[in-house]
Amino acid sequence: MNSMPSLPLSAVSGHRNLTFPWLLLLLLPATLLLPSLTFASPCRTSCGNIPIKYPFGVDDGCGAPQFRRMFNCSTDLFFLTPSGTYKVQSIDYDKQSMVIYDPAMSTCSILQPHHDFVMTDIQSIIMPPTPDTVFALLNCSIDSPILNHYKYLCFNFSGHSCDELYGACNAFRVFHLLTNSSPPCCFTGYDTVKFMSMNILDCSHYTTVLNAENLKGVGALDWDYGMKLSFSVPDLGCDRCSNSGGTCGFDTETEGLSCLCSISSNHTRDCVGGNIMSGGPNEASLVIIFIYLLGIIQLVLSYY
């Protein structure tokens, strides 16, 4: 004897239940809309204690393309040049300057092996050392070009002298002891070391000093050793992107401007103009998802 087909539970109980598969089907469109709510930027905003803002970026496609692959973030932020890796000590986005430090550079307290400071052509144009960064060329030969034909490249550095530098600094005192005199030195600017290597300059070591205009009467032990670089922010319409909630970046293939709206969504100019399925965070996405979820809630309640 064939058994009669069983009645749905909803008919037996006197009300209808919304089963789990039906709930999944109803919620599926809402989950498809969720990418538009992704607020996370694909670009890191800091490295160590250094904030990362436009025009810089440590992730490829972030920032301005002119500064592409110039930075590396491990535990700290580093500026990369052909001559080495330089720790970034601070970035002032308002004054558009960045202070870097060369761990292999000689200072008043430590004498390091001889080496050059070299930047790429684009770096020397868009991020040159500031005029108040002084290069002190030490232990120079009497045949050095900066003591002869190019002696005009050396200037008075806030009244400081070679004797003072060799006498005050333990690291540089060795030059005085070896020759029983003060070997020539030269205070100069970045352009000198840009066009002439240390071998051509015929000087054994160099050091760099920050904020030279504030060091008159200040002993070498109290100088700020390091290098300050200046930079400019290219006007590519980044404000429009930032005001829409996006992050300024660029296409990694064409290097054209791209407004990064979410981890999976980029637009040409801003995030507001993006459509719901691929756009970044915008009010239209929030309103539509809210209305849709409200409709689902009402539908569920109507079954009870």
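Values computed for the structure shown
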read-out	value
Computed label-point distance, nm, for sites S46 and N156 using a 7 Å Cα→Cβ extension	4.6
Per residue accessible area in Å² of the range 103-225, where ligands, DNA and RNA are left out and the probe is 1.4 Å	49
Amide H contacts under 5 Å for H205, placed H, 5+ residues apart	L138
Accessible surface of the range 103-225, 1.4 Å probe, proportion on carbon and sulfur as whole %	56
For the range 129-145, 3J(HN,Hα) per residue [Karplus equation, 6.51 cos²θ - 1.76 cosθ + 1.60, θ = phi - 60°, Hz, x = Gly/Pro]	x, 6, x, 8, 9, 9, 9, 9, 8, 10, 6, 8, 6, 5, 8, 4, x
D76 versus A104: modelled label distance in nm, points set 7 Å from Cα along the beta carbon direction	1.6
Computed label-point distance, nm, for sites V174 and K216 using a 7 Å Cα→Cβ extension	3.5
Net charge contributed by nearby residues that have their C-beta within less than 14 Å of R68 (K/R +1, D/E -1)	-4
Calculated FRET value between D116 and D235, using beta carbons and R₀ = 30 Å, to 0.05	0.35
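The values are calculated or read from the model by the stated rules, or taken from the named source; none is laboratory data. Predicted model, so just to flag it, every value in this text is computed and none were measured. Cβ sites come from the backbone with ideal geometry, for glycine too, and all protein chains shown count toward neighbours. Surface accessibility is based on the protein's heavy atoms, side chains included, excluding ligands, DNA and RNA. Shrake-Rupley method; radii C 1.70, N 1.55, O 1.52, S 1.80 Å.
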